[in-house]
Amino acid sequence: MKAEPKDSPIMPLLTQILELQRLFRDKVCRELPVPARKTRINNYILECEKILFSPRLFREICLRLATLLAGHNPGTDFLPLIRNLEDSTLEAVAVTVQNSLEPDLVLAMEISVRELRLHKLTPQDPQALAGFFLAALVPFYTAFARQQMLKPEDWQRGWCPVCGQYPVNGYNRPGDGRRILGCWMCETEWAYSRMSCPVCSSSRQDGQLLLTLAGDCSRRIQVCDDCGYYLKITDCTQAAAGCDLQLENAATVFLDILAQRKGYRPASHPHRYDEAVK
Ligand SMILES: [Zn+2]
Ligand SMILES: [Zn+2]
């Protein structure tokens, strides 16, 4: 049986954020249907296309998210800022992120917030503000991705076929045990060899190491000795279904701490670390 996610102090908030994002994902799907794609995927879909966006829906989710966050921590209040922003500015957030030359969406949003000088309009920390806008933009990405109707077998590369982000975690699915990786941004899932690293694609024998925790045999960390990035993998081969990778990611922060203490870096943000090294 699949182990239930362990409780961590931030789980209730993360679960509420995820519920809100999925509620809005369904709303975006209903209001902004994506036309059927006619071309093959080359590098990733959103490299050449744009998400469908609505400043009205974006404002709605920003307000809901801000209310949720302020309820948890009164010091984190984005409500006054959101109420004061024009629709054109909200639209500019989405456009600037998508036009960014920076492929990592976390970094792209941090750059966009500074470019649009939004951090000047609130006492909140610029990085927190970027994280907030990115969380509010997620439903537009997940709605776009869901409407692509991709099957896991349609793609066999290390990065997300829809938005190009690298995965933070994955699972071995029930039945055939194939490795399924998931996108932390748009929730697309795709099949990828368990013998290879999604970041550097090394499949050198002995290059992929597994770290396990005593007492938890369903979760492990796969680290790549060639590039130093890691993935969190959940074994669902004996479970009735695969797992919810977003919830599983939030429930396995202890694995991130373990991997990062050993000097490994999350596969989800290779560009972030490459930048730091330069
Ligand atoms: Zn994606
Ligand atoms: Zn690697």
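So, in the stretch 34-53, exactly how many residues are surrounded by 18 or more Cβ atoms within 10 Å (Cβ to Cβ) and part of a helix (DSSP H, G or I)?
So the answer is 2.
Among the residues of the stretch 172-224, what is the count of those that are farther than 14 Å from residue 268 by Cα, among the hydrophobic types (A, V, I, L, M, F, W, C) and touching a Pro at 6+ places or on another chain (Cβ under 7 Å)?
Qualifying residue count, the stretch 172-224: 3.
Inspect the stretch 222-230 for any residue being assigned to a loop (DSSP other than H, G, I, E, B), more than 9 Å from ligand 2 (Cβ to nearest atom), within 23 Å of the chain's Cα centre (by Cα) and closer than 25 Å to residue 163 by Cβ and give the result as yes or no.
no
Can you confirm whether residue 218 is within 16 Å of ligand 1 (Cβ to nearest atom), of a type in the set (Ser, Thr, Tyr) and not assigned by TED's automatic domain parsing to the domain that holds residue 108?
Here the answer is no, as residue 218 does not meet what is asked.
Quick check on residue 92: is it closer than 30 Å to residue 252 by Cβ, surrounded by 12 or more Cβ atoms within 10 Å (Cβ to Cβ) and outside the structural domain of residue 250 (by TED's automatic domain parsing)?
Taking the combined requirement at face value, the residue does not satisfy it.
Can we say residue 204 is more than 16 Å from ligand 1 (Cβ to nearest atom), of a type in the set (Lys, Arg) and closer than 21 Å to residue 184 by Cβ?
no
Look at the stretch 83-115 and say how many of its residues are among the hydrophobic types (A, V, I, L, M, F, W, C) and over 23 Å from the mean Cα position of the chain (by Cα).
1
Based on what the data block shows, is residue 128 touching a residue at least 60 places away in the same chain (Cβ under 8 Å) and in the same structural domain as residue 67 (by TED's automatic domain parsing)?
The answer is no for residue 128.
Residue 143 versus (1) touching a residue at least 60 places away in the same chain (Cβ under 8 Å); (2) over 19 Å from residue 33 (Cβ atoms); (3) not charged (D, E, K, R): which is the lone unmet condition?
With (1) touching a residue at least 60 places away in the same chain (Cβ under 8 Å); (2) over 19 Å from residue 33 (Cβ atoms); (3) not charged (D, E, K, R) applied to residue 143, the lone miss is (2).
Got at least one residue in the stretch 184-192 being assigned to a loop (DSSP other than H, G, I, E, B), within 16 Å of ligand 2 (Cβ to nearest atom) and outside the structural domain of residue 20 (by TED's automatic domain parsing)?
Yes, that holds for at least one residue.
Only one residue in 211, 181 is without any contact (Cβ under 8 Å) to a residue 60 or more places away in the chain, within 16 Å of ligand 2 (Cβ to nearest atom) and surrounded by 23 or more Cβ atoms within 10 Å (Cβ to Cβ), so which one is that?
181
Being within 11 Å of ligand 1 (Cβ to nearest atom) and under 18 Å from residue 255 (Cα atoms) is true for just one of 181, 213, 150, 209. Which residue is that?
Just one listed residue meets the conditions, 181.
Please specify each residue of the stretch 159-183 satisfying the condition of being part of a loop (DSSP other than H, G, I, E, B) and either of a type in the set (S, T, N, Q) or in contact with a Leu (Cβ under 8 Å, 6 or more places away or on another chain) (or both).
161, 162, 163, 164, 165, 167, 168
The values are calculated or read from the model by the stated rules, or taken from the named source; none is laboratory data. All figures in this text were calculated on a predicted structure; none of them were measured in a lab. Glycine gets a Cβ as well: all are built from the backbone with ideal geometry, and neighbour counts include every protein chain shown.
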